[in-house]
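The values are calculated or read from the model by the stated rules, or taken from the named source; none is laboratory data. Just so it is clear, the structure is predicted and the values come from calculations on it, not from any experiment. Every residue, glycine among them, receives a Cβ derived from its backbone with ideal geometry; neighbour counts consider all protein chains shown. We work out accessible area using only protein heavy atoms, side chains counted, and drop any ligands, DNA or RNA first. Shrake-Rupley method; radii C 1.70, N 1.55, O 1.52, S 1.80 Å.
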Amino acid sequence: MDLRGHGHSTGSCTFGDREVFDVDAGVGEARRLGYQRVITMGWSMGGAAVLRHAGLAKNGTLSHELRLRHPPDAVVSVSATSRWFVRDTAPMRRIHWLAEHATGRMVARGALRVRIDPRAFVPIPVAPVEIVGTIAPMPLLIVHGHRDRYFTLEHPRALAAAAGESAQMWLVPEFGHAEAGLCPGLLDRIGGHLASLAAAGPGRRGKADASAHWGGAVVRTR
């Protein structure tokens with residue numbers, strides 16, 4: 001699904017803040033359709049959104065005075081930041097220019113087809129690294145590339161350390177950033193691991209065959 005401000009979705013991008021409501025709606029729709037096990041998987045900004053959604057929904061914490069009602073059974077976060085206002089790489093400095101200046105937001109809308117909310121991060125939301133520790137015992141997979149030009153390896157390591165024993169971390173040498181940086185076989189490897197994540201969820205027993213049809217849904221955000 002396209003998060004707000006992207007693709008076919010309406011609204012304006014808030015870089016992982018209010019996007020938690022989009023993720024919650026997607027998980028809720030999957031439940032309504034009858035899926036008993038739902039995994040959320042987010043890439044880059046979507047990775048931050050699914051981490052924040054899982055923590056907020058699991059703990060009943062209010063976001064913008066609203067409660068998220070549909071926690072997933074497991075989470076996959078790919079190429080996500082651990083904290084806000086990262087400016088230590090050139091791509092992130094460009095993104096901040098797009099977000100913080102009227103001209104930048106106009107460029108983003110015209111050239112990138114991304115509508116950015118000028119009041120994004122007002123007030124500043126809880127960062128992924130500050131909430132990821134509350135996701136446990138929900139299974140969590142953190143995937144990051146050595147060749148990521150946006151976020152250094154500091155970010156997945158910080159997330160994994162804060163998440164605790166329920167988290168797995170894959171640091172992939174050939175992987176860049178998000179979908180555009182995929183290396184051969186990585187998407188299949190992640191897909192093949194989903195059944196194991198679903199089976200490891202709270203209250204699940206037994207071993208899942210990763211090649212089997214496990215009757216679940218993956219809410220994939222971008």
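Against the definition (assigned to a helix (DSSP H, G or I), at pLDDT below 95, out of contact with any strand residue (DSSP E or B) (no Cβ under 6 Å at 6 or more places or on another chain) and not aromatic (Phe, Trp, Tyr)), how does residue 211 come out, yes or no? So residue 211 does not fit the description; no. Tell me which residues, restricted to region 18-54, are farther than 21 Å from residue 125 by Cβ and either in contact with a strand residue (DSSP E or B) (Cβ under 6 Å, 6 or more places away or on another chain) or part of a helix (DSSP H, G or I) (or both). Residues satisfying the conditions are 29, 30, 31, 32, 35, 38, 39.
What are the pairs with Cβ atoms under 7 angstrom where one residue, in region 182-197, is farther than 18 Å from residue 74 by Cα and the other, located anywhere, is open to solvent by 20 Å² or more (accessible area, probe 1.4 Å)? Sequence gap at least six, or different chains. That search, which allows pairs on different chains as well, returns 183/174.
Of all the residues in region 59-103, those that are of a type in the set (S, T, N, Q) and assigned to a loop (DSSP other than H, G, I, E, B) number 5.
So that you can scan it fast, the table gives a plain yes or no per residue for (1) at pLDDT 95 or above; (2) surrounded by 15 or more Cβ atoms within 10 Å (Cβ to Cβ); (3) of a type outside the set (S, T, N, Q):
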residue	(1), (2), (3)
61	no, no, no
71	yes, yes, yes
79	yes, yes, no
82	yes, yes, no
94	yes, no, yes
103	yes, no, no
114	yes, yes, yes
117	yes, yes, yes
122	no, no, yes
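Looking across region 10-47, the residues that are without any contact (Cβ under 8 Å) to a residue 60 or more places away in the chain and among the β-branched types (Val, Ile, Thr) come down to 10, 20. Would region 187-203 turn up any residue that is hydroxyl-bearing (Ser, Thr, Tyr), modelled with pLDDT under 95 and in contact with a strand residue (DSSP E or B) (Cβ under 7 Å, 6 or more places away or on another chain)? Checked region 187-203: no residue is hydroxyl-bearing (Ser, Thr, Tyr), modelled with pLDDT under 95 and in contact with a strand residue (DSSP E or B) (Cβ under 7 Å, 6 or more places away or on another chain).
Of all residues in region 124-150, those satisfying the criterion of being in contact with a helix residue (DSSP H, G or I) (Cβ under 6 Å, 6 or more places away or on another chain), surrounded by fewer than 18 Cβ atoms within 10 Å (Cβ to Cβ) and not in a loop (DSSP other than H, G, I, E, B) are 133, 134. For residue 40, indicate whether it is under 20 Å from residue 140 (Cα atoms) and among the hydroxyl-bearing types (Ser, Thr, Tyr). Answer is yes for this residue. When residue 8 is tested against (1) farther than 19 Å from residue 99 by Cα; (2) open to solvent by 10 Å² or more (accessible area, probe 1.4 Å); (3) modelled with pLDDT of 95 or more, only condition (3) is not met.
Each residue in region 157-182 was checked for being assigned to a loop (DSSP other than H, G, I, E, B) and either surrounded by fewer than 14 Cβ atoms within 10 Å (Cβ to Cβ) or under 14 Å from the mean Cα position of the chain (by Cα) (or both), and 5 of them qualify.
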